[in-house]
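Colleague: Pasting a structure below so you can have a look.
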Amino acid sequence: LAMALYAPPQRSAHDLEDTGGAVMIQSLQERLQQLEERSLFQEAVVRQRSAKLLVAGSVSGFLGFFFALVIGIITEQTSGKVDLNRRPFNSKRGYFPATVSEMVHDPTKPEGKVFFAFCFIGATFIFFSWYPTQLRNAYIGDDELACFGLSWISIRQFIPASGMMLLSIVTVVPGAQAGITDEICIGLHLLGACMLFVGYFIVEAHCVGWGFFKSYVGHQVHESDSALRQRAFCLTMIAVFYTIFIVLQVVLSIGKPFINPEDADKWGEMEGHPGIQLVDTAHWRVKLLKISSYGSEVICGIFLILSHLVIWYHCEERHYDLPEELDSLCSKLVSDPERQRKLAAEEEEYGEDSEDEFD
């Protein structure tokens, strides 16, 4: 095909005209241009779709955290101040969980329903966006390997989004109520949290060269300096608030000497209800620690989502301008001649109407 297009003619122009060679070459050039336009159109559609799915998934994830927080606060201020027998707690304070996972652990309650719905939808959108391979400001090639022969973009594609799905589907129960099988679910839930928060932090830090990753980066990201600073800031906030969350979780889990057992939540048997139930809520000192733990996890999640939104905001793909009209394929794909004639007539009528409207 290249020889036919670009090789020097072996015969005169008069001979080519006589044999139709010039017409053939012109036809081939037009066909190549048409194929190039269609190829560019298909790639632009896929990459623009990736940007749209990324922002839709990020917004959905944010709504999951937001609505779970709002509903949880309302619950704590209303029904959270009484036990299962509708008797007020002796402390006169409502129960507030130390983690988002504990607040949304019951999928039959409003906070559990909205968290699962929005976070699972968000994780699905982000996963099927394939943004690590479709957005220029996230793509770093597949030559750099992370571990086990896997490239960094493969880990970015499969680990964080899958962790978010695992986090939203496998719920947990309060530690005092956990049995052996519940401990397995807690382990899987923690694995999902690690895949989401730690996994995303590592792949994004490697991508932008944050901190000590800067000396290991062997690629160049197609991103402006201001965008890189914004992405690095989000990473710093993720690291800070996730560290605070882990420290507070350790303090709450250990108890003594940091917490007086008398100030903590009290769990035990309750008349009319099997198993271990919440008998009384924590003192304000412990409750503030729990609120701080919960808040640090929420803020960490918000900056993780904001990091995705920064990538979307600065990607070139969201600015692609696609053609306003698609080419008709009826002559190639419609086998019924009668249907072909009808569609061709409608196309011709549409073209005349468009010209009249333009005039």
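The values are calculated or read from the model by the stated rules, or taken from the named source; none is laboratory data. Just so it is clear, the model here is predicted, and its values are computed rather than measured. All Cβ positions, glycine included, derive from the backbone under ideal geometry; neighbour counts span all protein chains shown. In case anyone asks, the SASA skips ligands and DNA or RNA and just uses the protein heavy atoms, side chains included. Shrake-Rupley method; radii C 1.70, N 1.55, O 1.52, S 1.80 Å.
Colleague: Leaving ligands, DNA and RNA out of it, rank Asp263, Asp321, Asp336 by accessible area with a 1.4 Å probe, largest first.
Modeller: Ranked list, largest accessible area first: Asp321, Asp336, Asp263.
Colleague: Taking 8 Å as the Cα distance limit and 6 or more residues as the minimum spacing, I'd like the relative contact order of the chain as a percentage.
Modeller: Relative CO of the chain lands at 20 percent.
Colleague: Out of the total accessible area of region 292-332 (probe 1.4 Å, heavy atoms of protein only), what percent is carbon and sulfur?
Modeller: On the way: 1290 of 2230 Å².
Exposed carbon and sulfur together represent 58 percent of the surface.
Colleague: At Val82 and Met270, where each label point lies 7 Å from the Cα along Cα→Cβ, what is the point-to-point distance in nanometres?
Modeller: 1.2 nm
Colleague: How much of the accessible area of region 89-132, probe 1.4 Å, is carbon plus sulfur, in whole percent?
Modeller: Answer for region 89-132: carbon and sulfur cover 70 percent of the accessible area.
Colleague: Short version: ³J(HN,Hα) in whole Hz for each residue of region 261-272, in order, from phi by Karplus 6.51 cos²θ - 1.76 cosθ + 1.60 (θ = phi - 60°), x for Gly and Pro, what are they?
Modeller: x, 5, 8, 7, 4, 10, 10, x, 6, 9, 4, x
Colleague: Sticking with this one: Helix by helix, which DSSP H runs in the chain go 24 Å or more along their axis at the Cα atoms and have an average Kyte-Doolittle hydropathy of -1.0 or more?
Modeller: Once both thresholds are applied, what remains is 21-77, 110-129, 152-169, 225-254, 284-314.
Colleague: What residue among Phe65, Phe245, Phe213 has the largest mean-square fluctuation in a Gaussian network model of the chain, using Cα springs under 10 Å?
Modeller: Between Phe65, Phe245, Phe213, it is Phe213 that shows the largest mean-square fluctuation.
Colleague: Treating only the Cβ atoms of Lys and Arg (+1) and Asp and Glu (-1) as charged, compute the dipole magnitude of the chain about its Cα centre; round to the nearest 20 debye. Display every interim value, and only then the final one.
Modeller: Numbers: 28 positive and 45 negative charges, 570 e Å.
It works out to roughly 2740 debye.
Colleague: Now for a different question. List the pairs from Lys81/Lys290; Lys113/Lys290; Lys266/Lys290; Lys92/Lys290; Lys92/Lys266 whose alpha-carbon separation is above 19 Å, in the order I gave them.
Modeller: Lys113/Lys290
Colleague: Going by Cα centres, region 154-204 and region 46-100 are how many Å apart?
Modeller: So the separation of the two Cα centres works out to 18 Å.
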